[in-house]
1. Would you confirm whether any residue within the stretch 198-214 is in contact with a strand residue (DSSP E or B) (Cβ under 8 Å, 6 or more places away or on another chain), buried (at least 24 other Cβ atoms within 10 Å of the Cβ) and either aromatic (Phe, Trp, Tyr) or outside the structural domain of His388 (by TED's automatic domain parsing) (or both)?
2. Can you pull out every residue in the stretch 162-196 that is of a type in the set (S, T, N, Q) and in contact with a Leu (Cβ under 9 Å, 6 or more places away or on another chain)?
3. For the stretch 75-96, give me the residue count where each residue is part of a helix (DSSP H, G or I), surrounded by fewer than 22 Cβ atoms within 10 Å (Cβ to Cβ) and not acidic (Asp, Glu).
4. Would you mind stating whether Cys310 is free of Cβ contacts under 8 Å to residues at least 40 places away in the same chain, in contact with a Phe, Trp or Tyr (Cβ under 9 Å, 6 or more places away or on another chain) and surrounded by 14 or more Cβ atoms within 10 Å (Cβ to Cβ)?
5. If a residue has to be without any contact (Cβ under 8 Å) to a residue 12 or more places away in the chain and assigned to a strand (DSSP E or B) to count, how many in the stretch 498-543 make the cut?
6. Could you please give the count of residues in the stretch 39-52 that are within 14 Å of Ile170 (Cα to Cα) and surrounded by 20 or more Cβ atoms within 10 Å (Cβ to Cβ)?
Amino acid sequence: MEREKQKSIMRNMKKTIFLFLLVFLFGCNGKKSFKEISLDRYRDKMKAAWIGQMAGVGWGLPTEFDYVDRIIPKEEVPEWTPEMVNQQGNDDLYVEMTFLSSMEQYGTGVSYRLAGIDFANTGYGLWAANRAGRENLRSGIAPPESGHPHYNSHCEDIDYQIEADYSGIIAPGMPNIPIRLGEKFGRMMNYGDGMYAGQFVGGMYSAAYFTDDIHEIIHEGLKCIPEQCNYAACVRDVIGWHREYPDQWEKCWEQIMDKYFRTLEHQPFHRQNSEAWVGIDAKINGAFIVLGLLYGNGDMDSTIVLSMRCGLDSDCNPSNAAGILATTMGFENLPEKFKSGLDNERNFSYTEYNFNDLLEVSESFTCEFVLQEGGKIEKDEKGGEIFHIRSSRPVPSLFEPAYDSGEHDPSNRYDEMEMSRILAYSHRDFVPLLETVASGWNIYHAGKKSELRLVEYEDMEDVLVLSPMSEKRGALLEYTREEEDDGGVDQTGSGSGSGVLSFCVNAEEGKPWNLSLRMNTPGGRILVEETIDHSTGQDWKKYEIPFDFEGGQVPRIRLNIQPGEDSGLNRAYIAGLSVELDNS
């Protein structure tokens with residue numbers, strides 16, 4: 001009996017010890033499953049993230065795309081001035097704020113269709129994948145088809161990579177947020193490596209709140225994208241070349257250029273897409289972000305300058321790199337030179353946000369995402385708030401390479417009600433008109449009061465009728481081209497000459513509109529600002545503006561039809577639009 005009693009005691013002791021171990025282990029795991037950051041520390045890092053992004057793009061801006069397949073010489077790096085941080089008018093910043101605005105208006109669960117309508121209604125200038133995606137949206141092609149390679153030949157360009165900083169800044173330690181936001185906003189204009197690029201950047205920002213180990217940050221970013229994609233392979237290559245040449249960044253740069261720029265062997269999408277230019281490919285520019293982070297060794301100046309000196313999109317790449325590094329450092333630890341000139345009150349173009357507003361809206365989204373992801377916001381013993389952020393394993397998007405994109409959905413179109421919320425026509429709607437009366441011109445942001453046909457007006461035939469897109473956003477007529485000589489573009493710099501811009505304008509009686517004309521020439525900027533009014537018996541107003549050009553590059557001509565303060569969306573009448581060139 002005594003022996004059985006002892007056995008029972010031993011069994012109970014073992015059971016107690018086992019249960020204790022279970023509780024202990026689960027308790028430890030429970031602690032390990034959350035990351036903690038105080039609200040004050042989060043604010044310090046989040047503020048630094050935005051400033052780093054602004055400083056990087058501001059410092060690199062004077063060099064953008066001026067250096068192709070060559071390193072920027074050290075002596076040609078612009079000198080930093082504190083005012084450079086104020087990039088409120090830079091598209092590298094205000095475009096991503098469109099996405100913040102959509103979430104602020106409709107909630108973080110905003111549908112990609114609504115987000116697409118918001119993006120379609122933006123009035124800022126865009127290029128490459130962004131422009132093609134927005135034109136698709138304005139044509140009624142709903143996302144994600146708007147970014148699909150069948151409709152968007154620029155879908156692997158750099159665009160969403162430039163704009164993805166927000167997605168990690170508002171998601172500290174929550175890598176699945178930038179992945180999901182990439183699926184929502186990134187697919188409006190990008191696909192495959194173009195979208196993965198933004199998810200990678202967002203993932204690095206997310207990780208940078210909790211470590212300053214650059215290698216760890218890069219590897220955490222890689223976890224957010226399919227490991228078999230070419231973008232991930234490119235990043236792994238840069239890591240390997242850095243390991244091989246730890247003190248020779250120029251050799252790493254040469255390896256990047258040889259493999260990913262100078263041949264198309266490792267650019268399968270570009271091999272099959274003659275419209276694309278590899279210089280704005282996401283992979284090559286993403287490689288320069290990673291190079292700057294690795295060789296910058298935690299120093300803001302070095303990180304920015306090295307990413308910049310790689311060339312190509314030499315403002316966007318240091319912007320991403322500097323924003324990520326600044327997140328690890330926090331605002332208090334940023335060098336004073338990057339903070340002293342900051343204007344907190346100036347609004348970012350095309351937004352309702354100034355810098356302080358941006359911090360506020362970013363924090364509100366972070367609080368929401370912490371709770372959505374199963375975390376908690378609690379007070380510490382001193383009354384300060386603490387984010388308890390639930391750890392999560394990144395779940396990357398499906399591997400869908402642009403070079404083998406599979407099927408698209410031709411039925412994914414905005415319906416009539418949705419189209420009524422899009423305020424601008426696609427520029428493609430005007431192509432048939434422009435081919436006959438204004439060769440070399442494109443129309444952007446034309447409002448729905450415009451005419452999709454040529455009309456006769458005030459004794460003039462073949463008249464274009466355009467209205468502003470909204471009370472804040474005018475319609476744009478843009479002329480861009482390179483002068484050709486002997487069957488090809490002059491690359492010698494000797495293709496200089498002159499030209500004459502001609503056009504006539506008119507307005508409806510009592511409905512004035514504002515004409516804004518800008519053209520940069522070797523002799524200086526040509527600028528016209530006039531109100532076009534019409535009174536009974538007034539003739540058409542005719543402009544003949546001479547200009548010069550050099551190096552075969554005809555100046556970009558931008559003719560804006562702007563709404564007046566009290567004139568609403570009055571229609572502009574334009575005829576005889578032509579550019580005559582003489583390079584004899």
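The values are calculated or read from the model by the stated rules, or taken from the named source; none is laboratory data. Treat the numbers as computed from the prediction; the structure is a model and nothing was measured. Reconstructed Cβ throughout: ideal geometry from the backbone, glycine too, with neighbour counts over all protein chains shown.
1. Checked against the condition, which is being in contact with a strand residue (DSSP E or B) (Cβ under 8 Å, 6 or more places away or on another chain), buried (at least 24 other Cβ atoms within 10 Å of the Cβ) and either aromatic (Phe, Trp, Tyr) or outside the structural domain of His388 (by TED's automatic domain parsing) (or both), the stretch 198-214 yields at least one hit.
2. Once the filter is applied, which keeps residues that are of a type in the set (S, T, N, Q) and in contact with a Leu (Cβ under 9 Å, 6 or more places away or on another chain), the stretch 162-196 yields only Ser167.
3. The number of residues fulfilling the criteria is 3.
4. Taking the combined requirement at face value, the residue does not satisfy it.
5. 3
6. Qualifying residue count for the region: 7.
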